[in-house]
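Undergrad: Starting off with a structure, shown below.
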Amino acid sequence: MKLSLAANSALLKPGFMFGVATASFQIEGAADSRLPCIWDTFCAEPGRIKDGSNGLVACDHVNRWREDVELIAALGVDAYRFSIAWGRVINIDGSINSAGVNFYQQLLDELAKRNIKAFVTLYHWDLPQYLQDNGGWLNRTTAYKFAEYADVITKAFGNRVYSYATLNEPFCSAYLSYEAGIHAPGIQNRKQGRQVAHHLLLAHGLAMQVLKKNAPQAKNGIVLNFSPCHPASNIDADIRAAKMADEYHNQWYIQPLLEGCYPDLLSQLPASDQPDITEGDLTIIAQPLDFLGVNYYTRTVYRANDKGWFSDVPPTRQPLTDMGWEIYPQGLTEILLAMHNRYTLPPVYITENGAAMPDTLQQGQINDYARIAYFQQHLQATENAINAGMRIDGYFAWSLMDNFEWAEGYVKRFGIVYVDYTTQQRTLKASAVALRDLFAER
Ligand code: IFM
């Protein structure tokens, strides 16, 4: 099964970048050569991770990175997006862990040799545990610590990096981690979730100032996740609930970045539930962006609940991915165009898009045709947004290989490359072959 785009597709034009993406905790392993992070602690708590697993070995990427770079190069991508484990490069006393820095420098050098552009994310959820012990993202000081980390690492990497993203999906680090309690550190507290969201955005703004100074040649920005919020019915209360969910889950993160203010919803909350915002914070947060990374997987449906708030409704329409997420490609075009119409956006990259599927290895093959169909539809959805007037500069498949899918453990497989966790053998799935063949058409 092949992936195909029209011969005159905007995605096949020179300059449009294709890549694959990963994140440190999800693939690296080698936990003994870095500081413990909040996900190590969370994984050690019984019942937090569905299969009881952890990130101690993961895909053993720290030991197998050369093989993995070969794999990436063989796919014919233009770019590789990965993240730095903060606790692998900075020691507790703030000094550099040179072995850790050296690991990433070698990786960057190998990518450069193969002409693969490096998209580096500074924070993809693995906060060092010693910072959590000091309050983590609830403590404003962590935002300043993050800027110091950005300073050290950008100086160490020099001009090896094509693009830096400060944060990956601050919504997840705030809402899933502090309000829903399903991600590390597993707290359920609304006010704290909002405070963490604010400190993350502040950390982003402070780090952007550092990036502009230390890495002016790089494209510097942030990666946000978006999901169109649809009402469960056409009654007014559900329509209002879906609008509120959109303000809370989507606009809450993008509006401060681009307009220096939170959605009106914030001021409608009881004062005791609002985050503390220091004067001047929003100016720091609203630094000009060289790019916005958009991660998209599915839409979400909401109904009004009896607390004057919104509740999500489980998907009722097929098809679903193995995560139970509705496959809804038109939602990608919808959310892109909604943002394009509402804001003055910087150039956009689709920094993550993909699907977990119940892959099985049969006679050495993984025929993940449903994933190929997913990519086909979402590439088309990306193209539709470009054709409607948006600037989109690239598309990254999530993920290069199967990996630790957070609270789901290793059971959910998002990779285009299959990982046998017993032998660490990597096998290209049919989707990897289809993407490789598509990239080669250019
Ligand atoms: O695996 C995650 C990734 O770390 C962040 N974005 C969503 C992916 C799939 O859940």
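The values are calculated or read from the model by the stated rules, or taken from the named source; none is laboratory data. This is a predicted model, so every value here is computed, not measured. Positions of Cβ are generated from backbone atoms using ideal geometry, with glycine treated the same way; all protein chains shown enter the neighbour counts. Protein only, heavy atoms only, side chains kept; ligands, DNA and RNA dropped before computing areas. Shrake-Rupley method; radii C 1.70, N 1.55, O 1.52, S 1.80 Å.
Undergrad: Residues to consider are 147, 118; find the one that is in contact (Cβ under 8 Å) with a residue 12 or more places away in the chain, away from the ligand (no atom under 16 Å from the Cβ), open to solvent by 10 Å² or more (accessible area, probe 1.4 Å) and not in a loop (DSSP other than H, G, I, E, B).
TA: Result of the check over 147, 118: 147.
Undergrad: Now for a separate question. If I ask for residues that are closer than 30 Å to residue 148 by Cβ and out of contact with any strand residue (DSSP E or B) (no Cβ under 8 Å at 6 or more places or on another chain), which ones from the stretch 199-250 would you list?
TA: 199, 201, 202, 205, 206, 209, 210, 213, 214, 216, 217
Undergrad: I'd like to check something: does the stretch 76-87 contain any residue that is within 19 Å of residue 157 (Cβ to Cβ) and open to solvent by 40 Å² or more (accessible area, probe 1.4 Å)?
TA: No; the residues of the stretch 76-87 include none that is within 19 Å of residue 157 (Cβ to Cβ) and open to solvent by 40 Å² or more (accessible area, probe 1.4 Å).
Undergrad: So, in the stretch 347-383, how many residues would count as being over 18 Å from the mean Cα position of the chain (by Cα), part of a loop (DSSP other than H, G, I, E, B) and touching a residue at least 12 places away in the same chain (Cβ under 8 Å)?
TA: 8
Undergrad: Show the residue pairs that are 6+ apart or on different chains and have beta-carbon atoms under 8 Å apart, the first residue being within the stretch 154-167 and under 22 Å from residue 114 (Cβ atoms), the second being open to solvent by 10 Å² or more (accessible area, probe 1.4 Å) and part of a strand (DSSP E or B).
TA: 156/96; 162/117; 162/219; 163/117; 163/219; 164/219
Undergrad: If a residue has to be of a type outside the set (Phe, Trp, Tyr), over 13 Å from residue 310 (Cβ atoms) and part of a strand (DSSP E or B) to count, how many in the stretch 226-242 make the cut?
TA: Adding up the residues that qualify gives 0.
Undergrad: How many of the residues making up the stretch 269-320 are away from the ligand (no atom under 16 Å from the Cβ), assigned to a loop (DSSP other than H, G, I, E, B) and in contact with a Pro (Cβ under 7 Å, 6 or more places away or on another chain)?
TA: Number of matching residues: 3.
Undergrad: Any residue in the stretch 180-196 that is away from the ligand (no atom under 16 Å from the Cβ), small (Gly, Ala, Ser), buried (at least 18 other Cβ atoms within 10 Å of the Cβ) and part of a helix (DSSP H, G or I)?
TA: Yes, the stretch 180-196 contains a residue that is away from the ligand (no atom under 16 Å from the Cβ), small (Gly, Ala, Ser), buried (at least 18 other Cβ atoms within 10 Å of the Cβ) and part of a helix (DSSP H, G or I).
Undergrad: I would also like to ask the following. Give the residue that is farthest from the ligand (Cβ to nearest atom), with candidates limited to residues of the stretch 393-433 that are more than 15 Å from residue 61 (Cβ to Cβ), among the aliphatic types (A, V, I, L, M) and buried (at least 22 other Cβ atoms within 10 Å of the Cβ).
TA: Among them, the one singled out is 432.
Undergrad: Collect the residues in the stretch 287-306 that are under 13 Å from residue 205 (Cα atoms) and either in contact with a helix residue (DSSP H, G or I) (Cβ under 6 Å, 6 or more places away or on another chain) or among the hydroxyl-bearing types (Ser, Thr, Tyr) (or both), keeping them in residue-number order.
TA: If the condition is that a residue be under 13 Å from residue 205 (Cα atoms) and either in contact with a helix residue (DSSP H, G or I) (Cβ under 6 Å, 6 or more places away or on another chain) or among the hydroxyl-bearing types (Ser, Thr, Tyr) (or both), then 287 is the only one that fits.
Undergrad: Inspect all residues belonging to the stretch 278-289 and state whether any of them is surrounded by fewer than 19 Cβ atoms within 10 Å (Cβ to Cβ), on the phi > 0 side of the Ramachandran plot and modelled with pLDDT of 95 or more.
TA: Scanning the stretch 278-289, I find at least one residue that is surrounded by fewer than 19 Cβ atoms within 10 Å (Cβ to Cβ), on the phi > 0 side of the Ramachandran plot and modelled with pLDDT of 95 or more, so the answer is yes.
Undergrad: Can you name the residue in the stretch 15-42 that is without any contact (Cβ under 8 Å) to a residue 40 or more places away in the chain and of a type outside the set (A, V, I, L, M) and, of all such residues, is surrounded by the most Cβ atoms within 10 Å (Cβ to Cβ)?
TA: 29
Undergrad: Whether any residue in the stretch 79-88 is out of contact with any helix residue (DSSP H, G or I) (no Cβ under 8 Å at 6 or more places or on another chain), within 23 Å of residue 111 (Cα to Cα) and touching a residue at least 60 places away in the same chain (Cβ under 8 Å) is what I want to check.
TA: Checked against the condition, which is being out of contact with any helix residue (DSSP H, G or I) (no Cβ under 8 Å at 6 or more places or on another chain), within 23 Å of residue 111 (Cα to Cα) and touching a residue at least 60 places away in the same chain (Cβ under 8 Å), the stretch 79-88 yields at least one hit.
Undergrad: For the stretch 318-334, name all the residues that are closer than 26 Å to residue 410 by Cα and either free of Cβ contacts under 8 Å to residues at least 12 places away in the same chain or aliphatic (A, V, I, L, M) (or both).
TA: Within the stretch 318-334, 318, 320, 323, 324, 327 meet the criteria.
Undergrad: Report, ordered by the first and then the second residue, all pairs with beta carbons closer than 8 Å, sequence separation of six or more or different chains, a first member in the stretch 293-317 that is within 21 Å of residue 179 (Cα to Cα), and a second member that is basic (Lys, Arg) and surrounded by fewer than 22 Cβ atoms within 10 Å (Cβ to Cβ).
TA: 304/240; 310/303; 311/303; 313/303
Undergrad: When residue 1 is evaluated against the numbered criteria (1) of a type outside the set (Val, Ile, Thr); (2) modelled with pLDDT of 95 or more; (3) surrounded by fewer than 21 Cβ atoms within 10 Å (Cβ to Cβ); (4) assigned to a loop (DSSP other than H, G, I, E, B), which criterion, by number, is the only one it fails?
TA: Result: residue 1 passes all but (2).
Undergrad: Same structure, new question: Working carefully through the options 258, 224, find the one that is modelled with pLDDT of 95 or more and open to solvent by 10 Å² or more (accessible area, probe 1.4 Å).
TA: 258
Undergrad: Against the conditions (1) under 26 Å from residue 312 (Cβ atoms); (2) in contact (Cβ under 8 Å) with a residue 60 or more places away in the chain; (3) open to solvent by 10 Å² or more (accessible area, probe 1.4 Å), where does residue 219 fall short? Just the number, please.
TA: (1)
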